[in-house]
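Chemist: Structure provided below as structure tokens; questions to follow.
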Amino acid sequence: DRIAVVTGGGSGIGAATALALAAAGWRVVVAGRRPAPLDELAAAYPSLQLDPISADVTDEDSVRNLFDSAVARHGRVDLLFNNAGMSGPPRDPDEISLDEWRAVVSVNLTGVFLCTRESFRVMRTQQPQGGRIINNGSISAHAPRPRSIAYTATKHAITGLTKSTALD
């Protein structure tokens, strides 16, 4: 069995990716902050192998628990789709508070790092060793939109994080 972890899986691209993977025969751990959308997704598709686990990608302990739970339930992790993200309010740079900046960076960059780190730990030690990590970036890394400085900066950073992880 191939096991995938999809963050931000309760809606949008994350939910669509989880469903596509499950339809292709993967067992999918669908992760997100809010349990209700995860449970509703799994209940709406009972024939698919969806395993909802609530997790906050900005919290180190929550991320570790997500991956430890995935391994305890399914034995391994073969794929991580890092999808959790937020855009923040559209504002000019001088209108963005430090708290708003930190919230976007925490989800979009730190969350991707924490999930990458944990999946790397699991994939490095499992037998057979290895797996794939896919980081959902954005066209904003190449063609930014106005009033999106925090979002655009984090999506640029995801490109670097992805390239660096691939080397490791």
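The values are calculated or read from the model by the stated rules, or taken from the named source; none is laboratory data. Model, not experiment: these values are computed from the prediction. Heavy atoms of the whole protein, side chains included, go into the accessibility calculation; ligands, DNA and RNA do not. Shrake-Rupley method; radii C 1.70, N 1.55, O 1.52, S 1.80 Å.
Chemist: Could you please state how large a percent of the accessible area of the chain is carbon and sulfur, counting protein chains only and using a 1.4 Å probe?
Modeler: On the way: 4710 of 8740 Å².
The C+S portion of the solvent-accessible surface of the chain is 54 percent.
Chemist: Using the heavy atoms of the protein chains and a 1.4 angstrom probe, tell me the accessible area per residue for the stretch 4-111 in square angstrom. Intermediate values should be presented prior to the final figure.
Modeler: On the way: 5150 Å² over 108 residues.
The answer is 48 Å² per residue.
Chemist: 222 nm [θ] for the chain, helices only, -39500 (n - 2.57) per DSSP H run of 4+, per residue, to 500?
Modeler: Working: 6 runs with 79 residues, N = 168.
Roughly -15000 deg cm²/dmol at 222 nm, from the helical runs in the chain.
Chemist: Heavy-atom accessible area of D68 with all protein chains present, probe 1.4 Å, nearest 10 Å²?
Modeler: D68 exposes around 70 Å² with every protein chain in place.
Chemist: A follow-up question, please. Scan (i) 40; (ii) 31; (iii) 56 for the value of percent of Cα pairs over 25 Å apart calculated from this model and give just the label.
Modeler: Answer label, from the structure shown: (ii).
Chemist: Solvent-accessible area of L109, probe 1.4 Å, all protein chains present, reported in Å² to the nearest ten, please.
Modeler: 50 Å²
Chemist: Please sort through the DSSP H helices of the chain and keep those with an alpha-carbon extent of at least 15 Å along the long axis and a Kyte-Doolittle average not below 0.0.
Modeler: Details: long enough: 12-23 (17 Å, 1.78); 60-74 (21 Å, -0.61); 111-125 (22 Å, 0.17); 149-167 (28 Å, 0.36).
Length and hydropathy pass: 12-23, 111-125, 149-167.
Chemist: Expressed in nm², what is the orientationally averaged projection area of the convex hull enclosing the Cα positions of the stretch 3-102? List each step's numbers first, then the result.
Modeler: Numbers: hull surface 28.0 nm².
Taking a quarter of the hull surface, the average projection is 7.0 nm².
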